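Engineer: A single structure is presented below for examination.
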């Protein structure tokens with residue numbers, strides 16, 4: 001490598017880096033070796049800069065050394081240069097040119113490493129607060145001090161000189177060069193643009209922007225508008241997360257790769273950082289003056305700059321009540337065609353901020369950016385997944401990509417594709433990376449067993465000679481465990497090393513691919529061919545070999561996973577939403593086939609209702625349910641206390657593993673018309689109009705739930721007008737204009753209408769005849785359009801004596817579980833059980849009187865006996881019938897059971 005362009009200190013650092021790599025038996029010099037070499041020069045400028053940024057050079061050096069020490073080692077031989085290190089050196093050369101320096105100096109190498117390829121070195125620098133932007137600002141502040149490096153003064157002297165010189169902002173050089181932002185030589189000729197802008201075209205050329213897949217129609221439309229003679233200012237309109245910024249990045253890629261019409265070949269897309277532009281402009285007129293000068297710089301570029309403003313609606317709005325602020329400064333320049341502007345905004349932002357200003361709106365051409373389809377989103381994730389694989393050092397399977405899109409579309413309602421799918425894939429990879437960095441469960445169990453055995457050995461030693469045999473047995477077991485731990489630990493380190501090596505090689509492949517593209521853009525075909533058919537092919541062979549070594553290690557048994565699979569994505573969705581999202585495995589299939597039994601164990605005597613609900617659940621989980629309406633719309637009709645609400649609770653627990661997934665709306669609170677709007681939120685201008693509705697907010701926050709409208713007959717008729725859209729199309733708009741999705745809910749309404757008729761006819765006529773008669777009664781109370789949207793109207797029978805007897809058994813088992821927590825048991829004689837049942841048998845009130853009877857006859861007297869000390873831990877309480885009521889005695893017989901039972905219904909409901 002030719003070091004003529006490097007200063008003496010930089011040359012010394014490079015030589016030291018290679019020597020350091022050789023000492024560690026590394027086959028190639030990595031960016032980490034270079035940074036450690038820079039830090040080793042204690043009197044150099046690099047440690048001084050780090051201290052100014054609040055970083056600890058020694059601590060950073062220790063971390064980098066630890067990271068490098070864990071890398072795979074080679075037996076020896078010559079030390080070459082890794083592709084990532086070459087990228088750092090080339091970037092340092094470019095940085096020196098930006099600063100108009102004839103030599104590459106130490107701080108140029110540090111800046112290049114801080115913005116180098118993604119990896120351990122860049123992460124360590126970022127964690128210490130050492131970023132390219134921070135270093136660029138510091139380089140400007142320390143410009144005088146850094147210049148003294150040429151005179152041979154030490155870093156300590158440089159730091160003192162810089163500290164004495166203060167932190168005042170210094171003017172740019174005569175050539176307009178300013179290292180702030182470091183976004184390339186083009187921006188360095190503009191004072192404000194280099195400070196507040198990012199050259200996306202150069203970032204795309206350098207491979208710093210993620211690849212853009214799809215969105216060809218929007219990019220072509222963007223190019224078409226930019227090619228107009230006048231009003232060539234496109235504005236992308238789309239909801240957050242649909243990929244508006246990606247469209248801009250796609251255009252930057254095309255310009256960088258010269259895949260645009262002739263008139264756009266020399267254009268530069270410069271993204272303006274409005275936050276930085278506004279910062280520090282506390283006095284009136286400062287912001288406007290700064291923006292005016294920036295517009296002059298853009299106009300002076302004679303059309304070469306395409307100014308990109310993200311969230312344009314936030315910029316053109318009023319600033320402290322002073323008119324339209326930035327809009328009044330932008331409109332004249334846009335109208336005269338002096339600048340070309342690309343903006344992005346949301347539909348509401350365009351409607352509320354831009355559309356109202358007709359003079360501003362006419363200067364822009366709107367381009368709609370819709371949400372990506374499932375197929376487009378899958379293609380996008382496949383195109384960018386390599387970036388995430390390199391960052392997380394894992395492998396993302398294609399099934400995980402598809403699952404990220406499908407599951408996010410189905411379960412994450414508040415956000416849009418592809419943004420939510422990208423975040424889901426990113427977090428699933430991060431989750432797996434965390435598992436890889438943690439200790440495997442098998443190894444952790446062995447270590448804990450070893451600690452327990454060591455504790456037993458200490459106890460046996462103190463017991464004396466009598467425990468010698470047991471002590472020897474424990475010592476032998478501990479020795480065996482240590483050997484197993486050592487073997488597993490070696491396998492673990494080997495697997496981690498192989499995974500890290502594979503990730504490093506993939507990063508080199510990506511970096512080399514960027515160099516190939518860059519060489520092609522610079523028409524250096526010889527260099528491109530050398531990289532593509534020489535370096536790149538060698539790297540691909542190394543990747544194949546590393547993959548083979550990893551597979552061989554996995555053949556002995558896998559301790560850690562490096563593949564992000566569908567289950568990992570499903571686990572993240574479950575953490576996001578609280579909904580158990582898993583594959584429909586054989587166990588779940590069996591559970592769905594037996595859903596009637598599960599629900600029937602909680603809801604006694606209501607088999608028609610259980611059967612109808614079970615059919616709806618199976619349709620939804622099997623994927624044959626229409627997706628534009630709720631999972632099911634049901635109307636439960638029956639007397640009080642027969643299990644209507646209990647079935648809703650059982651359904652919430654069965655589907656979503658929690659009764660908290662039940663949203664309960666008491667319709668008796670909505671008898672007046674004035675209360676109806678509280679379901680969807682008060683209209684604009686009324687109190688609490690910004691809070692949303694009780695129903696819509698509950699479903700928006702928990703879209704997977706059972707929605708129970710209790711005592712529906714008491715609600716005002718306007719409530720049912722609101723619910724018509726929910727029942728038919730599965731959506732409802734709230735007072736904020738947001739559309740709430742009800743397609744993943746089950747809608748249940750309960751009513752006591754016809755309860756007297758049901759009580760009279762239960763057991764007297766067939767269920768079908770009772771059902772027909774109750775439906776006729778409902779027609780007198782509800783509109784046909786409401787009843788016609790229901791999937792089923794289910795009549796709940798009055799509870800007969802057999803059903804109440806089964807419920808009594810459930811209540812007794814619940815009492816047994818409560819007493820078991822105190823190490824007590826309870827047993828009822830048949831006579832006592834019959835007495836309680838007789839006291840609570842009131843069919844017109846359902847199961848509630850039965851619970852009151854158990855409370856008054858059993859639980860209250862039992863509490864007195866326990867407080868008086870009549871029974872203690874280990875006792876079994878025998879409840880028998882006496883002349884004056886129930887009698888409580890200590891039972892000496894073995895109890896019939898342990899009191900365990902599945903979760904049972906609440907007969908109060």
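No lab work stands behind these numbers, since they all come straight from the coordinates. In this text the structure is predicted, and so the values were computed from the model without any measurement. Because the Cβ atoms are built from the backbone with ideal geometry, glycine has one as well, and the counts that use them run over all protein chains shown.
Engineer: Between residue 262 and residue 66, with labels modelled 7 Å along Cα→Cβ, what's the label distance in nm to one decimal, could you check?
Structural biologist: In this crude label model, residue 262 to residue 66 measures out at 6.0 nm.
Engineer: Packing-wise, with mean Cβ within 10 Å as the measure, how do 640-650, 277-287, 369-379 rank, highest first?
Structural biologist: The densest-packed peptide leads the list: 640-650, 369-379, 277-287.
Engineer: While we're on this one: Going by average Cβ neighbours within 10 Å, how do the peptides 342-353, 485-496 rank, with the highest at the top?
Structural biologist: Peptide ranking by packing, descending: 342-353, 485-496.
Engineer: Test of understanding: what is the full-extension gain from residue 352 to residue 5, defined as 0.36 nm times their sequence separation minus their Cα-Cα distance?
Structural biologist: Length gained between residue 352 and residue 5: 119.4 nm.
Engineer: Moving on. Rounded to the nearest 0.05, what FRET efficiency do residue 126 and residue 626 have when you use their Cβ-Cβ distance and R0 = 30 Å?
Structural biologist: Once the sixth-power term is evaluated, E becomes 0.05.
Engineer: Working out 0.36 nm times the residue gap between residue 15 and residue 729, then minus their Cα-Cα distance, what length gain in nm do you get to one decimal?
Structural biologist: Full extension from residue 15 to residue 729 adds 250.0 nm.
Engineer: Ok, one more. Determine, for 607, 81, the number of other Cβ atoms within 10 Å of each Cβ, and report the residues in order from fewest to most.
Structural biologist: Least to most surrounded, the residues fall as 607, 81.
Engineer: Just to verify a number: FRET efficiency for residue 844 and residue 374, C-beta to C-beta distance, R0 = 60 Å, to 0.05?
Structural biologist: Calculated value: 0.65.
Engineer: Here's a follow-up. Indicate, rounded to the nearest 5 percent, the antiparallel portion of the DSSP beta bridges found entirely in the range 187-370.
Structural biologist: 15
Engineer: Nearest 0.05, what FRET efficiency do residue 736 and residue 328 give at R0 = 30 Å with Cβ-Cβ as r?
Structural biologist: According to the calculation, E is roughly 0.50.
Engineer: Kindly list the residues of the range 741-763 that lie in the label zone of residue 675, defined by a backbone N under 20 Å from the point 7 Å along the Cα-to-C-beta vector.
Structural biologist: Those under the cut-off are 748-753.
Engineer: Which order do peptides 191-203, 48-60, 218-230 fall in by mean Cβ count within 10 Å, highest first?
Structural biologist: The densest-packed peptide leads the list: 191-203, 48-60, 218-230.
Engineer: Roughly what % antiparallel, to the nearest 5, for the DSSP beta bridges in the chain?
Structural biologist: Of those bridges, close to 20 percent are antiparallel.
Engineer: Give the percent of DSSP beta bridges with both residues in the range 801-891 that are antiparallel, rounded to the nearest 5.
Structural biologist: Within the range 801-891, antiparallel bridges account for around 65 percent of the total.
Engineer: By how many nm would the segment from residue 822 to residue 230 grow when fully extended, if each residue of separation counts as 0.36 nm and the alpha-carbon distance is taken off?
Structural biologist: Full extension from residue 822 to residue 230 adds 204.7 nm.
Engineer: Would you work out if the chain is rounded, prolate or oblate? Take a ≥ b ≥ c from the square roots of the eigenvalues of the alpha-carbon gyration tensor; rounded if a/c is under 1.5, else prolate when a/b is larger than b/c, oblate otherwise.
Structural biologist: oblate
Engineer: Also, I was wondering about something else. Once you put a point 7 Å from the Cα of residue 53 and another 7 Å from the Cα of residue 779, both along the Cβ direction, what distance in nm separates them?
Structural biologist: 7.9
Engineer: Please give the residues of the range 383-425, grouped as numeric ranges, whose backbone N is less than 12 Å from a label point set 7 Å along the Cα-to-Cβ vector of residue 437.
Structural biologist: The answer is 392-393, whose backbone nitrogens lie closer than 12 Å to the label point.
Engineer: Related question: Can you give me the distance in nm between label points at residue 475 and residue 93, each placed 7 Å from the Cα along the Cα-to-Cβ direction?
Structural biologist: Placing both labels 7 Å beyond Cα along the Cβ direction yields 6.7 nm.
Engineer: Which whole-number percent gives the relative contact order of the chain, counting Cα pairs below 8 Å spaced six or more residues apart?
Structural biologist: 8
Engineer: Fewest first, what order do 889, 793, 83 take by the number of other Cβ atoms within 10 Å?
Structural biologist: Starting with the residue having the fewest Cβ neighbours, the order is 889, 793, 83.
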